[in-house]
Amino acid sequence: MTQLDEVGTLLRDAREASGLTVAQVSDRTRLRAGLVRDLERGDTESSGGHVYVRGRLRACAQATGSDPEPLLAAYARQAGVPQPRPVVLDQPLLGQPSGLLHLPTTGQVRRPAPQWALTVVLAMMLLAGLAAIGALTGSPTARETLVPASSPQAPPVMTEPAPAPSDPGASTQPPETPVRAVTPATAALHLSVDGAASWVRVASVGGATLLEEVLEPGHVQDFRDQAGLTVAVGNAGAVTLTCSTSAATAAGPQGQVRRFTCAPGGLSPV
């Protein structure tokens with residue numbers, strides 16, 4: 001038994017309980033079969049630093065369908081390293097309900113009664129007053145309105161204006177306006193790993209994890225999301241990022257942990 005025998009025992013028991021072989025776990029995690037066997041023996045020397053060991057243990061646990069937290073806690077306890085704290089967001093993720101909800105009351109809402117009857121009465125009183133004033137003043141307009149004419153008058157003849165001469169060469173249809181398609185802005189991320197392995201986590205701004213594992217040199221992958229993407233790398237010197245319209249850029253120095261936000265406008269460090 002090595003120093004990390006508990007970690008290896010937990011990892012091996014989870015794989016055997018799922019009915020998987022070492023080769024199947026290697027195919028699912030993209031890790032070499034030799035690395036999986038070393039981890040099951042409790043040997044972490046071939047996996048590198050603590051960041052890479054945690055990432056590979058998490059990938060193996062997820063491949064067997066088991067919870068990776070007990071395995072990572074055992075590794076932190078036996079290796080004598082602090083366990084990473086979970087990230088606490090100041091604001092709730094998109095789609096998550098906030099703690100402040102406005103609930104409707106159970107009482108009935110009282111609505112004001114319509115005032116149509118009062119409006120009709122006032123309108124009739126106004127018309128009656130105008131008719132009385134016209135009769136008293138003896139205005140021609142009032143008399144013509146209230147008293148019918150003694151002799152019938154011929155109705156006026158309405159004539160339509162002649163249409164303006166049209167140009168025979170002109171088109172009768174209005175010119176067509178070209179319709180320009182509007183494409184919504186989308187954050188596009190191109191990720192490549194060169195020279196050394198690195199733990200990488202890519203998630204959407206809404207919180208959905210798209211990738212979280214240790215990537216070997218030569219790994220290339222593209223991601224797209226309209227809302228934006230968040231990127232975290234464990235070995236910045238081995239990762240090259242290209243976001244939307246920005247040029248390709250190295251994530252940072254060798255061995256450094258860096259985080260970025262990829263939006264339609266480009267890449268921004270966090």
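The values are calculated or read from the model by the stated rules, or taken from the named source; none is laboratory data. These numbers were taken from a predicted model, which means no experiment stands behind them. Glycine also receives a Cβ, built like all others from the backbone with ideal geometry; neighbour counts cover every protein chain displayed. What goes into the accessible areas is simple: the full protein's heavy atoms, side chains included, and nothing from ligands, DNA or RNA. Shrake-Rupley method; radii C 1.70, N 1.55, O 1.52, S 1.80 Å.
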From the list GLY80, GLY42, GLY65, GLY55, which one is buried (at least 16 other Cβ atoms within 10 Å of the Cβ) and on the phi > 0 side of the Ramachandran plot?
GLY42
Any residue at all in region 6-25 that's open to solvent by less than 20 Å² (accessible area, probe 1.4 Å) and at pLDDT below 90?
yes
Can you name the number of the only condition in (1) open to solvent by less than 60 Å² (accessible area, probe 1.4 Å); (2) without any contact (Cβ under 8 Å) to a residue 40 or more places away in the chain; (3) of a type in the set (A, V, I, L, M, F, W, C) that LEU210 fails?
(1)
Being modelled with pLDDT under 85 and within 30 Å of ALA128 (Cα to Cα) is true for just one of PRO148, PRO175. Which residue is that?
PRO148
Taking region 238-270 only, how many residues are of a type in the set (A, V, I, L, M) and part of a strand (DSSP E or B)?
5
